[in-house]
Amino acid sequence: MNSIPHKTKQFLVLLVKLLIVGGAFYFIYNQLANNDKLNWQKFLVLFHKNQSAAGISFILLLSVLNRLFEILKWKYLVSYLHPISLGEATKQVLASLTAGLFTPNGVGEYAGKALYFNKKQTKKVVFLNLICNGIQMVLTVIFGIFGLLYFNAQYNVITAKTVTVLFGICFLIFGVLFFSKKVNIKGYSIEKLIHKINEIPKSIHKKNTFLAILRYLVFSHQYYFLFLAFDVDLPYLILISAISSVYFLASSLPTFQFLDFAVKGSVAVYFFGILGVNEWVVVFVTTLMWFLNVVLPVFIGSYYVLNFKPKMAL
């Protein structure tokens, strides 16, 4: 089989890079420019009224911490294979975020990180990324369920009977998974998965869990403080329970990363509508969260994508 000439490989790599970066920026522009629910005039009036250098710096700091905790999670998890520097972990996380922007449920992120490693390590890298994202999802579910129960107790969104049925379904699913953990499908089983997870040192799992909790607290409270900046005056527990409910329900829906804020925005409009918050405020806060925690890192990640040098043949 004839190999692809070196110059052709270089051209194909450059083309893929440009498609990833170009696609990312196109989707960002498209969402910001064509969203008719974003009332920029109201936003500017409120911004000039409440603008504060300290407040803006604090919100930006939370965005930095949010991404930093994710980078540290990846750095510690990859140390199971071999140590990498904070700078290298930053490069891998931000570049893979850019690559996963317009793929279903951020699947491109897994491929993006794997490209920074030897081809023989691909399965291990994908598995570590699954662990990295998995603990964040577990925390989103746990905090989300408690938040949803508290919110529902205050506003009775769903009946007690429905809550009981939902919990019954959850217990049934866990029961089926527990009793079928030895069932082998194409060489894979839950028991093998648990064994693989246990192979990773407990110290790494502890760091991963601790950083995931910190990250959840950071981005949920960034959401909270943005609502305060938009003059939303609601009790802390009510507001934070609505936020955790939104993240839980929105994360349960399959979507593309670039549509993430639209999905969260739709769910948020429903929950905060019950609290009497104006729809335009909800849409703006959700869009700002998306811009601060996805768009800005993608801008930096684009640099890493364009400067990426593959370690394996195409």
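The values are calculated or read from the model by the stated rules, or taken from the named source; none is laboratory data. Nothing here was measured: the structure is a model prediction, and the numbers come from that model. Please note: Cβ atoms are built from the backbone with ideal geometry, for glycine as well, and neighbour counts cover all protein chains shown. Heavy atoms of the whole protein, side chains included, go into the accessibility calculation; ligands, DNA and RNA do not. Shrake-Rupley method; radii C 1.70, N 1.55, O 1.52, S 1.80 Å.
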Per residue of the range 210-220, what does 6.51 cos²θ - 1.76 cosθ + 1.60 with θ = phi - 60° give for ³J(HN,Hα)? Whole Hz please, x for Gly and Pro, Karplus curve as stated. 4, 5, 5, 5, 4, 5, 4, 4, 5, 6, 6
Karplus-derived 3J(HN,Hα) from phi for the range 86-97 (6.51 cos²θ - 1.76 cosθ + 1.60, θ = phi - 60°), whole Hz, x at Gly and Pro, runs 4, x, 5, 5, 4, 4, 5, 5, 6, 5, 5, 4
FRET efficiency, Asn156 to Glu279 (Cβ-Cβ, R0 30 Å, nearest 0.05): 0.85
So, for the range 206-251, what is the accessible surface per residue at a probe of 1.4 Å, expressed in square angstrom? 39 Å²
Ranked from highest to lowest mean number of other Cβ atoms within 10 Å per residue, what is the order of the peptides 58-70, 293-305, 199-211? 293-305, 58-70, 199-211
When the convex hull of its Cα atoms is projected in every direction, mean area for the range 190-252 (nm²): 5.7 nm²
Pseudo-spin-label distance Thr164 to Ser203, built 7 Å along Cα→Cβ, given in nm, is 5.0 nm
Using 1/(1 + (r/R0)^6) with R0 = 41 angstrom and r between the beta carbons of Ala53 and Ile142, what's the FRET efficiency to the nearest 0.05? 0.70
Beyond 18 Å between alpha-carbons counts as too far, so tell me which of Lys113/Lys202; Lys113/Lys206; Lys91/Lys206; Lys73/Lys207; Lys123/Lys192; Lys124/Lys196 fall in that bin. Lys113/Lys202; Lys113/Lys206; Lys91/Lys206
Quick one: 3J(HN,Hα) in Hz for the range 133-146, Karplus 6.51/-1.76/1.60 with θ = phi - 60°, rounded, Gly and Pro as x. 7, x, 5, 5, 5, 4, 5, 4, 5, 4, 4, x, 5, 4
Kindly give the semi-axes, whole Å and largest first, of the ellipsoid equivalent to the range 67-155, taking each as the square root of 5 times a Cα gyration tensor eigenvalue. 29, 14, 12
Quick one: if you stick a label point 7 Å off each Cα along the C-beta vector at His195 and Phe210, how many nm between them? 3.1 nm
If R0 is 51 Å, what FRET efficiency do you get for Asp233 and Ala111 from their C-beta distance, rounded to 0.05? 0.70
Once ligands and nucleic acids are excluded and a 1.4 Å probe is used, how much of Ser220 is accessible, expressed in Å² to the nearest 10? 10 Å²
